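S.K.: Right, I'll just put the structure down here and ask away after.
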Amino acid sequence: MYERFYGLRVKPFAIAPQAEFLYPSRRHRVALDLLRYGLETRAPFIVVSGEIGTGKTMLLRHLLGRLGPGIAVASVAHAHGGYHNLLRWAADAFGVAAAEGEEFALEKRVLEHVSRQHRAGRSVVLVIDEAQGLTAGALEKLRLLSNVNGGSESPFQVLLAGQSGLRERLREPGLAQLAQRVAVDYHLEPLERDETGPYIRHRLRVAGSANDALFDDAACEAVHAHSGGVPRLVNLICDFALVYGFSAGAPTIGRELVEEVARDRAGAIARPASAPAQPSSGAEPHQSAAQRP
């Protein structure tokens, strides 16, 4: 709609995760480095968490899209419920199948597939997104499955991604053994105030804009104030600001247009409770230490 008017090839602020638009904020750089470290060192369990809209799925797509042929990846999206459901989704992701209700058969075929990959010289990574929806029993059985026939190392690595509820679940007493096997654990926070403007301009450049002042500094400040630095909310506000700007024939986006969007779309851009309205630009990114199992 507005792309030609603003000299853009594509929409710069789509809500769906697009790995090519990943902005390397301080937190995202640390997260990527830790995830790579976990994969390279064959960490049995890796955890990345963050509130809704902080960019977990985009981060994973960016990472997994750049892995070499020596790593076989199976991904489960929107995991929820008990172990049997998880096992069926995992088996499907691995490309194996068994009759409905045959849990043992599913486990056997999954492990046989993993063994075949190992014999072919490939390591195996099972990625489970939205893992906060899994029961404690499902997570504990996943730990037991990852122990089977592993010898000195796990037969496959498990990368769990989810909201803060995932970290809370892993603190439950019944999951102490699983928590001890988490070698890398990182929690994504929203963008800092001084990162929101560069984030906006980065996405505009990737989309083809040659105008770094398309969103002026005051507009970027207003976007941060209303989004709390949550990337998905930044995208939502900026997308509508471009629609409003196009409708008004405005060559650039200023604070007034952003404030108008914020008033009109107040319900849609409500921040998660944990996202502050105006975080300090001097705060250090939260990073949990990489723990050895």
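Any read-out appearing in this document is the output of simple, stated calculations on the displayed coordinates, not a laboratory observation. Note that the coordinates shown come from a computational prediction; the quantities given were computed from them, not determined experimentally. All Cβ positions, glycine included, derive from the backbone under ideal geometry; neighbour counts span all protein chains shown.
S.K.: Short version: what are the Cα gyration tensor semi-axes of segment 125-186, square root of 5 times each eigenvalue, largest first, in whole Å?
M.R.: 19, 13, 11
S.K.: Right, next: Would you work out which of 225, 16, 69 lies farthest towards the positive end of the dipole of the chain, given +1 charges on the beta-carbon of Lys and Arg and -1 on that of Asp and Glu, about the Cα centre?
M.R.: 69
S.K.: Residue 14 versus residue 102, label points 7 Å from Cα toward the beta carbon: distance in nm?
M.R.: It works out to 4.0 nm between the two label points.
S.K.: Let me ask something additional. When you take every Cα atom in the chain, what is the radius of gyration, and what is Dmax, the widest Cα pair distance, in Å?
M.R.: 21.3, 66
S.K.: Starting from 0.36 nm per residue, how many nanometres of slack lie between residue 77 and residue 164 once their C-alpha separation is accounted for?
M.R.: Full extension of this stretch gives 29.6 nm more.
S.K.: Using a simple spin-label model with points 7 Å from Cα along the Cα→Cβ vector, what separation in nm is obtained for residue 211 and residue 118?
M.R.: Using points 7 Å along Cα→Cβ, the separation is 5.8 nm.
S.K.: Moving on to the next point. Would you calculate a helix-derived [θ] at 222 nm for the chain, using -39,500 (n - 2.57) for each DSSP H run of n ≥ 4 and dividing by the full residue count, to the nearest 500?
M.R.: The per-residue figure over the chain is -13500 deg cm²/dmol.
S.K.: Please report the Cα spread of segment 161-262 along all three principal axes, rounded to whole Å, starting with the longest.
M.R.: Largest first, segment 161-262 extends 60, 25, 20 Å along its Cα principal axes.
S.K.: Let me ask another. Once you have the Cα-Cα distance between residue 3 and residue 37, take 0.36 nm times their residue separation minus that, and quote the gain in nm to one decimal. Please report the intermediate quantities before stating the final value.
M.R.: Working: separation 34, 0.36 × 34 = 12.24 nm, distance 3.90 nm.
Length gained between residue 3 and residue 37: 8.3 nm.
S.K.: How big is the charge dipole of the chain about its Cα centre, in debye rounded to the nearest 20, if each Lys and Arg gets +1 on its Cβ and each Asp and Glu gets -1 on its Cβ?
M.R.: Charge dipole of the chain: 760 debye, to the nearest 20.
S.K.: About the Cα centre, and with charges only on the beta carbon of Lys, Arg (+1) and Asp, Glu (-1), how big is the dipole of segment 192-264? Nearest 20 debye, please.
M.R.: 240 debye
S.K.: Tell me which residues come under 5 Å, amide H to amide H, from residue 188 once H is placed; ignore anything under 5 positions away on its chain.
M.R.: Here 49, 50 satisfy the definition.
S.K.: Additional query: Rounded to whole Å, give me the distance from the Cα center of segment 210-241 to that of segment 32-104.
M.R.: Value for the Cα centre distance between the two parts: 32 Å.
S.K.: Please compute the Cα-Cα pair-distance distribution of segment 26-188 with 10 Å bins starting at 0, giving whole percents from short to long.
M.R.: 11, 43, 38, 9, 0
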